[in-house]
Amino acid sequence: MNQLLRVSLFTLFSFVAVSLVAQQDWNYEWSQHNVVFTLADDFKVITNTGDEFTAKGDGMEFGIFPFSDNTIDATDIALYTLAVAETLELEEVDDADVLDLNGLEGAYVEGYKDGSRVVLLGFIDPASATNFFAVITFSDDDANAADEAVQMILSFSKK
């Protein structure tokens, strides 16, 4: 076998091996509330009820919690999210950033609690009185977890 063919085959097998080992994401549909989101494949569901959905992955925790309040709209959710961050006693909270989440409207803040980085996402379903808070917790020095948190946030959508 000539040298060029060997190098080509080695390169091909290397790419295949990396692709097989790479972390995959899975979409989860929280049917009780018609919300869809993506979690990395290392997450395991801990709780799945109409009142909460929680999951844990390698070095990360995720939870989403619904609440009813038909007085909240897109103009209120940023202040509401900041108020929840204060109630949770998050430290070093940044300003809320507003998001359009594929049919849902929300805002998020980042802060710290007990040495962990916390991303708090508040969002509303404009078509109903159901609103949500999602919490993602991970180590501050985990760049992969920070990237996963962003992917999780951007994946939220209505079913």
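Within the stretch 104-159, the residues that satisfy the criterion of being farther than 18 Å from GLU91 by Cα, small (Gly, Ala, Ser) and out of contact with any Leu (no Cβ under 8 Å at 6 or more places or on another chain) are ALA127, SER128, ALA129, ALA143, ALA145, ALA149, SER155.
Screening the candidates THR81, THR47 for the property of being among the polar types (S, T, N, Q), assigned to a strand (DSSP E or B) and in contact with a strand residue (DSSP E or B) (Cβ under 8 Å, 6 or more places away or on another chain) yields one hit, THR47.
Just to be sure before I move on: is THR54 free of Cβ contacts under 8 Å to residues at least 12 places away in the same chain and among the β-branched types (Val, Ile, Thr) in the structure I sent? The answer is yes for THR54. State whether one or more residues within the stretch 95-114 are at pLDDT below 85 and more than 18 Å from the chain's Cα centre (by Cα). Within the stretch 95-114 (the criterion being at pLDDT below 85 and more than 18 Å from the chain's Cα centre (by Cα)), the answer is yes, since at least one residue qualifies. From the list ALA55, ALA85, the one residue that fits, being closer than 23 Å to LYS158 by Cα and among the aliphatic types (A, V, I, L, M), is ALA55. Can you find a residue in the stretch 60-77 that is in a helix (DSSP H, G or I) and either touching a residue at least 12 places away in the same chain (Cβ under 8 Å) or at negative phi (or both)? Yes, because at least one residue in the stretch 60-77 is in a helix (DSSP H, G or I) and either touching a residue at least 12 places away in the same chain (Cβ under 8 Å) or at negative phi (or both).
For the stretch 117-159, which positions are among the polar types (S, T, N, Q) and not in a strand (DSSP E or B)? SER128, SER139, ASN144, GLN151, SER155, listed by residue number.
The values are calculated or read from the model by the stated rules, or taken from the named source; none is laboratory data. From a predicted model like this one, the values you see are computed outputs, not experimental measurements. Note: ideal-geometry Cβ built from the backbone for every residue, glycine included; neighbour counts use all protein chains shown.
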